[in-house]
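The values are calculated or read from the model by the stated rules, or taken from the named source; none is laboratory data. Since we're looking at a predicted model, the values are computed, not measured. Reconstructed Cβ throughout: ideal geometry from the backbone, glycine too, with neighbour counts over all protein chains shown.
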Amino acid sequence: MTGEFRFGVNMVVPDSRAAWVEKCRKVEDLGYDVLSAADHLGMAPPFPALVLAGEVTSRVKLNTFVLNAPFYNPTLLARDVTGTDQFTEGRLELGLGAGYVKEEFEAAGMPFPSARERVDHLERTIAELKRRYADPEHKPAPVRPGGPPLLLAGRGDRILTLAAEHADIIGFTGTAKTPDGGALVPASAEDIEERVGFVRSKLGGRGAEFNLLCHFVHITDDRAAALEELAKLTKGVLSADQLAEVPTALIGSPAEVAEQLHAHRERFGLTYYTVLEQNMEQFAPVLEALR
Amino acid sequence: MRPFRFGVALYVPGSRAEWVAKCRQAEDLGYDVVGVVDHLGRVAPVPALLLAAEATERIRLNTYVLNASFHNPVVLTRDLAALDEFTGGRVEIGIDAGYVRAEFEAAGIDWGTPGRRFGRLVDVVTELERAFTGRPRPPLLLGGRGDRMLTFAAAHADTIALTGTAPGAAEGRLALAGSAALAERAGFVKRVLGGRDAELNLMVHFVRITDDRRAALETAHRLVPHLAIEELGALATVLAGSAEAVTEQLLRTRETLGASYFTVLEDDLTRLAPVIERLRGR
């Protein structure tokens, strides 16, 4: 445990049971708090993957990061959520998003709904989940009366307003505003600060955990060089100086990154980071440094 | 003649421990297949089968059966393919077109016409067949009662399932087909198969292993009042009598109807065990 922070790993679920089992055990062994399964076509589906993860681990929370809500009928989703909650004995954390990968909608033979329609669907989904959790007749029953913790992730005003209203955990994407369905690019620290401020204004004092998907991890003794390298890699969207400030790029020695995390907590209120699977081993010394 | 297989369709949702215990019990009792239904208020099928696989060694895992209208074909195919991989190829996929209108309404899914629901089933099967082109597809179980469904099943399924129900089955009420109607449907399947070999599954609606066959049949008659006690006593979907008598009955059913795979509901899980024991390896 790392006290004031939580750390998760966002996993791409492979086809093979053996590969998935091995990775899940590694997440727990490395000291992470949360094991997250992404939801995309071409990967294994989150719910059975998390049930399997639960069977081969004992401690980590199990999170969908995040479900593409338009792929799911809300009523049937409620059954999968509470069923998985039961099967993992209350270790499930449900992460939902409005969906953003246009190609996947095409592949699933569904029209790509407008941003408004996607958030509408997300809103209906949240309402249906809450209604089902509260219904004493609903089976499978949720492990806790209010259902598993809810994480809502996104960047737009409407989705973050929904998150401020309903979510236990608010997931910041750390991405900049781009045309709908387009490629993702990292946001500046000022942009992220603005989004955090927006959520705080909507929370009106209610407590919620702030999560961020950390896109870049580089544990190195030469922070300056690594920042320059990343600036080139991201095609100059942000300069090295700007990248030095963003919480989506955790770069430096474990001690330096630990220091950044404390600074980001002050500035952005972020206490829960999700790193990508390929960075889980590299990032692990930071967990040690924070102990 | 095919060897016997026995399945149980589990549906009562509960804790992890309860689910694990039930799946192990099914395996220990000698069942070949553990199945999950796809209804609101019941277990979540794909997570439930994943956990069933983790809890057991041998038993095969079956959706008995998925409602095609509840699922996007592409997303469902992803889920089932992963389930099959995660369970070491133990999955058997059962699908139908859905039949409980109230569930469609509760989930906000268009009930549509029988043709529309059948179309959704065709879409799911088409996507499954496409996705598994060039690699082994999990066995497919399709079935129902009507000509169109059974003809489609005969063209696509490894296992063809007869529901053994009569038209106009009201929700919550068991309307069983009589022996003549059941034999007619089995004959129809044989005809549309046109010589192709497929497994025939029969859903067993009532099991009582007892020395008092008459009392058991009276109980069945209260559940299925439109069939006389004598008719119920002769029906392949009603198993009432001593373990020896029911064993003989199943041997006869395999001979006459060609059904070799029998699925009971969760309530009857332990009841059928002495019969399974007697038919092991036959």
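Are there any pairs, at least 6 apart or on different chains, whose C-beta atoms fall under 8 Å, with the first in the range B:161-186 and at pLDDT below 90 and the second surrounded by fewer than 22 Cβ atoms within 10 Å (Cβ to Cβ) and in a helix (DSSP H, G or I), and if so, which?
Correct list of pairs: B:ALA166/B:ALA181; B:GLU171/B:ARG101; B:GLU171/B:ALA102; B:LEU174/B:LEU223.
Determine, yes or no, whether A:ARG59 is more than 16 Å from the chain's Cα centre (by Cα) and either outside any loop (DSSP other than H, G, I, E, B) or facing chain B (nearest Cβ under 8 Å) (or both). So that I can check it myself, show each step before the final result.
Working: more than 16 Å from the chain's Cα centre (by Cα): yes; either outside any loop (DSSP other than H, G, I, E, B) or facing chain B (nearest Cβ under 8 Å) (or both): no.
Criteria not met by A:ARG59.
Of a type outside the set (Asp, Glu), under 22 Å from A:PHE5 (Cα atoms) and under 16 Å from the mean Cα position of the chain (by Cα): is that true of A:LEU261 in this structure? Give the steps one after another, and end with the answer.
Working: of a type outside the set (Asp, Glu): yes; under 22 Å from A:PHE5 (Cα atoms): yes; under 16 Å from the mean Cα position of the chain (by Cα): no.
Taking the combined requirement at face value, the residue does not satisfy it.
Go through the range A:55-69 and count every residue that is surrounded by fewer than 24 Cβ atoms within 10 Å (Cβ to Cβ), more than 26 Å from A:LYS102 (Cα to Cα) and of a type outside the set (Val, Ile, Thr).
Residues meeting the conditions: 4.
For the range B:205-226, which positions are surrounded by fewer than 14 Cβ atoms within 10 Å (Cβ to Cβ) and either assigned to a strand (DSSP E or B) or among the charged types (D, E, K, R) (or both)?
B:ASP211, B:ASP212, B:ARG214, B:GLU218, B:ARG222
Answer yes or no as to whether B:VAL46 is within 13 Å of chain A (Cβ to nearest Cβ), hydrophobic (A, V, I, L, M, F, W, C), closer than 15 Å to A:PHE47 by Cα and under 17 Å from the mean Cα position of the chain (by Cα). Please lay out each step first, then the result.
Details: within 13 Å of chain A (Cβ to nearest Cβ): yes; hydrophobic (A, V, I, L, M, F, W, C): yes; closer than 15 Å to A:PHE47 by Cα: yes; under 17 Å from the mean Cα position of the chain (by Cα): yes.
Against the criterion (within 13 Å of chain A (Cβ to nearest Cβ), hydrophobic (A, V, I, L, M, F, W, C), closer than 15 Å to A:PHE47 by Cα and under 17 Å from the mean Cα position of the chain (by Cα)), B:VAL46 qualifies.
Determine if the range B:100-116 includes at least one residue that is in contact (Cβ under 8 Å) with a residue 12 or more places away in the chain, of a type in the set (A, V, I, L, M, F, W, C) and buried (at least 21 other Cβ atoms within 10 Å of the Cβ).
Looking through the range B:100-116, none of the residues is in contact (Cβ under 8 Å) with a residue 12 or more places away in the chain, of a type in the set (A, V, I, L, M, F, W, C) and buried (at least 21 other Cβ atoms within 10 Å of the Cβ).
Keeping to the range A:18-43, report how many residues are on the phi > 0 side of the Ramachandran plot and either touching a residue at least 24 places away in the same chain (Cβ under 8 Å) or polar (S, T, N, Q) (or both).
Final tally of qualifying residues: 1.
In this structure, does A:LYS102 turn out to be within 30 Å of B:ASP110 (Cα to Cα), in contact (Cβ under 8 Å) with a residue 24 or more places away in the chain and among the charged types (D, E, K, R)? Full working, then the answer.
On the way: within 30 Å of B:ASP110 (Cα to Cα): yes; in contact (Cβ under 8 Å) with a residue 24 or more places away in the chain: yes; among the charged types (D, E, K, R): yes.
Spelling it out, A:LYS102 is indeed within 30 Å of B:ASP110 (Cα to Cα), in contact (Cβ under 8 Å) with a residue 24 or more places away in the chain and among the charged types (D, E, K, R).
With the range B:1-107 as the region, which helices (runs of 4 or more DSSP H) entirely inside it contain at least 1 residues that are of a type in the set (Ser, Thr, Tyr)? First the steps, then the outcome.
Values: elements: B:16-28, B:45-55, B:73-86, B:101-107.
Answer list for the range B:1-107: B:73-86.
Could you list, in sequence order, the residues of the range B:233-275 that are in a loop (DSSP other than H, G, I, E, B) and not hydroxyl-bearing (Ser, Thr, Tyr)?
Narrowing the range B:233-275 to residues in a loop (DSSP other than H, G, I, E, B): B:234-237, B:242, B:258-260, B:269-272.
Across the range B:233-275, the qualifying residues are B:ALA234, B:LEU235, B:ALA236, B:GLY258, B:ALA259, B:LEU269, B:ARG271, B:LEU272.
What's the number of the only condition in (1) touching a Pro at 6+ places or on another chain (Cβ under 8 Å); (2) crowded, with 24+ Cβ neighbours inside 10 Å; (3) more than 9 Å from every other protein chain (Cβ to nearest Cβ) that A:SER36 fails to meet?
For A:SER36, the failing item is (1).
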